[in-house]
Every structure is written in C-alpha cells, then in structure tokens.
Amino acid sequence: MIRLLERLGVPRVLMLGFLAVAIFMTGDGFELTFLSKFMVDQGFTSSQASLLVTVYGLFAAAGGWSAGMLAEMFGARRVMMFGACWWIGIHLLFLGVAIPSRIYPLILGLYALRGIGYPLFIYSFVVLMAQHISPSRLASATGFFWTCFSLGIGVFGAYLPSFIMPVFGEYRTFWFALPFSIVGTIMCFLFVPKNKVVKGEGLSRKEQLKELAEGATILVINRKILICAIIRIINNLLLYGFPVIMPLYLCTTHNGGINIFKTEEWMRIWGFVFVVTLIFNTFWGWFMDRFGWVWPMRWFGCAVLAVGSVAFYYIPQWFGANALMMIVASIIVGIGTCAFSSLPTIMTLYAGEGKQGAALSAYNLAAGLTTFAGPGVATILLPVIGYGGVCWTYAALYVLAFVLTLFIRPRQPGFDEHGHRIAKAKNGTAPQDDAVPAVNTVSEESIGVGVAAAEAV
C-alpha cells in the first residue's frame, strides 16, 4: 500500500497527515446531510435552514483564504492545530448552548464561527503537499488528498450518522462527531511534519498582512487565476447545495417537497457520491498528469455535473422512490466532482515565481466560497423558483464553467503549447520543452515545491 501511494506521488512523510485529514473531516461532515431537515423539524423555516449553511460557507471561505498564507508564514502544523482546536471548542458551544436555546441568531452565529476551523486544518495541509511533492506528481497527490477528504466528509460522514441517527436521534448524533475530530487533531500533532520553508520568519506585522492579502489581490491582477478560481467555486456547488435542498425535497413536503424517502435513505443515497470519489479523485489526478489537465475537467467535470444537477430533480419525478436510479445520479455527480484535481497545480503555474502561496490561498478561498455559493443559491432562489429551478440554475453554472475552461491553457510538463503530449525519445524519456524548466524554477526557488517524493522520504 505504501509503495502504491508513493507511486501516486504521496511521500511517506505525509501519509499519516492524509489519514488525519480523513478522520477529522469525518467529524466535520456528520451533520451535513441532515442539518437542514433537523432545523425545519425544530420549527425553523427552510430559508433559515439553508441560510445557516450559507453563512457557515461564508466563514469557511474566510478560513480557506487565510489558510495558505498563514501556513506559509507561521507553519502548516501550527495553523492546522489552531483550526482543529477552534472547531472543537465552537462545536461544543453549538451543541451545548446554541441548539438547546432555540435562539436562531445564537445558532447562526456559533455555527458560522465553527466554519473557520476546518479550512484552516485541511487547506494548510495543501501547503505541505506543495512543499514536499514534485509538480509533475502534484495533481495525482491532490486527487488522493480529495479522496481522503471525501472518505471523511462524505463516506463515513454520511453513512455512520445514517445508522446512528435512528437509534440515538438527530441531536445526539451531532455529538458523535467529536471523537473523530479529536483523534484527527491528535494525529496532526504527532505525525504532520513542519514546513520546509516558513516565510513569516523575520517579517514585520505589516509585511505579514501584505503577504496574507496577496491571496485575494492576486485574483484582481491575474486574470487566469481568477478564471480558475471561478471554476473552482462552481466545481462543488452540488456537493454543498444538494445536502441543503435534497433532504427537504425528498424527505419533507416543505416548498413543494415530494416526501418519498426517509432521511436515512437519502443519507445513504448521497453517500454514494463520495464512495465514487474514493476511486475517481485518485484516478482523475493520475489521468490528468498523463493525458492533460484541462480537457477532462471540461468534459468529465463541467458537462457531467450539468447533467447530474437536473438528474437529481427529475429522476424522483419520473421513477418515484427508486433508490437504484438515485444511486445512478449520485455516481454521475461523484465522477464529475472529482475531475478538477489539476486546478491547484494550474493556479500555481499561472502565479509565477514567488507567488505560489498566494495562488494556493486564492484556490482555498474559492474552495471555501463554494460552501457558501452552493447553499447560497438555494437560499435566494428556492422560495422563488422551487427545487427544479435551483437544479437548473446549478446546471447553467456548470455550463458557464465549461466555457471558462476554454480560456485556460497551462503549459503542462510533457506537453507542447497546444496541449498535445510530447512523444518519448528512443531512450524512453520525453524531450525537454521550455515549459518544464519553468515549472521547476517557479516551484523550487520560491517555496521548495519541486522535491521528488523519494527525496522527501
């Protein structure tokens, strides 16, 4: 197994860190598939339920934006520990004080604050990946990172509560998240390595703030990175939007819901999205490193997810309570969601020398904004155009992302300027083109990214 992971570009020194991400995100994802229904059952409106997740996503975006630069300035492990402890502390207040009080502003405020924690934990780890993994293998390793993320937030985070909730009830199920988050935090403390480079050492507070701000300003001054960030926001709209609206659509009669599945049945259907991602996150990373970074994203990401967006709405209309057909829709969404693993590599290449940390912060900001945009679309449009209209809106946004991929043409190592793979020479090695040195120069000289996996071990 270790040999296989090393062939995927995962250095041995980071392997337990990947496991820590999976375990921690299991705790973070425990309530994702049933929180909106729980809130409605407590007497709150569907708009209030979706607003809760929307504001949570906004704060997660702030955490994601700051994670990359903070990890570079102060050390990734330190920022990961802070984010994990923040998450655990706020979660205790959310469960012990806010929910029993039934005071919506308090529930909203504490849940939003909790959203800062998990991006600091997982996206700081991305900085370590960039410093320990060769650029030519980074897409593959990023795919494995999202596999670990999916294993936690989606597979265990969906399936475990689906068996726990019928026995202990929804509120008590929230508490089962804590052991996973605590174990992930302990593993981070014991096994995650320190940065190879810490940029914040010797910088004044003003210089540190300037470095942090670059994670947002780079979106203004670099159009290619802005396009990539928009695609990244659209990438996971369904991943965070559907857990808000689908429990209401499939399991209640609110806002025209059809109420044909039990909550635990919906949770198991949605869990298939993440079961699929366990395979395809790693597969697409491997595939893109060998056959191209952009065209799989365009056709197997954007186009497939546009279909998946409307399939979730129409399959219950056409086939009724057919769990098998819903699982097919989940598989479609899972395959499409994974086909974006080359984006962080593309963004670091477009950033130029010395700006990789800013590019990763921009990537993390976009990844956080998707947790805001997914439920945000539902919050705004659900009362106006209903569940079907929201699904078609998601589909239209994926069509927009499809068009945007036509404007990014990164110089991928081993490919020419037209995106065609360079034929290998007779000795079995690919001839060097002018893109390859540029990648290594950008990465190695600025933040030490271009280190082979074996060397990192």
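The values are calculated or read from the model by the stated rules, or taken from the named source; none is laboratory data. Since the model is a prediction, treat every value here as computed from it, not as a measurement. Cβ placement follows ideal geometry from the backbone for every residue including glycine, while neighbour counts extend to all protein chains displayed. These area figures cover heavy atoms from the full protein model, side chains too; ligands, DNA and RNA do not enter into them. Shrake-Rupley method; radii C 1.70, N 1.55, O 1.52, S 1.80 Å.
Observations on the structure shown:
- Karplus 3J(HN,Hα) series, Hz, for the stretch 111-123 with 6.51 cos²θ - 1.76 cosθ + 1.60 (x for Gly, Pro): 5, 4, 4, 4, x, 5, x, 5, x, 4, 6, 7, 7
- Nearest-ten-degree value, helix 76-93 long axis tilted from longest Cα axis of the chain: 10 degrees
- Using a probe of 1.4 Å, the accessible surface attributed to I380 totals some 120 Å² when neighbouring protein chains are kept in position.
- Summarising the amide proton neighbourhood of N195: residues at separation of 5 or more, or on other chains, whose placed amide H is nearer than 5 Å comprise A76, R77.
- Put L138, L324 in order of accessible area, highest first, and with a 1.4 Å probe you get L324, L138.
- Qualifying chymotrypsin sites (Phe, Trp or Tyr not before Pro) in the stretch 318-377, DSSP loop, other Cβ atoms within 10 Å at most 12: none
- Against the main long axis of the alpha-carbon atoms of the chain, helix 304-319 sits at an angle near 20°.
- In the chain, Cα pairs under 8 Å separated by at least six residues give a relative contact order of 27 percent.
- Across the stretch 313-418, the relative contact order, built from alpha-carbon pairs under 8 Å that are at least six residues apart, equals 20 percent.
- Here E170 sits with roughly 40 square angstrom of accessible surface, probe radius 1.4 Å.
- Estimated inter-spin distance, W295 and Q42, nm [label 7 Å along Cα→Cβ]: 5.0 nm
- Amide H partners (placed H, <5 Å) of F415, local residues excluded: I422
- Extension gain from I279 to T253, taking 0.36 nm per residue of separation minus the Cα-Cα distance: 5.9 nm
- Using R0 = 22 Å, the C-beta based FRET efficiency linking V97 and A323 works out to 0.05.
- C-alpha long axis of helix 435-447 to longest principal axis of the chain, angle in °: 70 degrees
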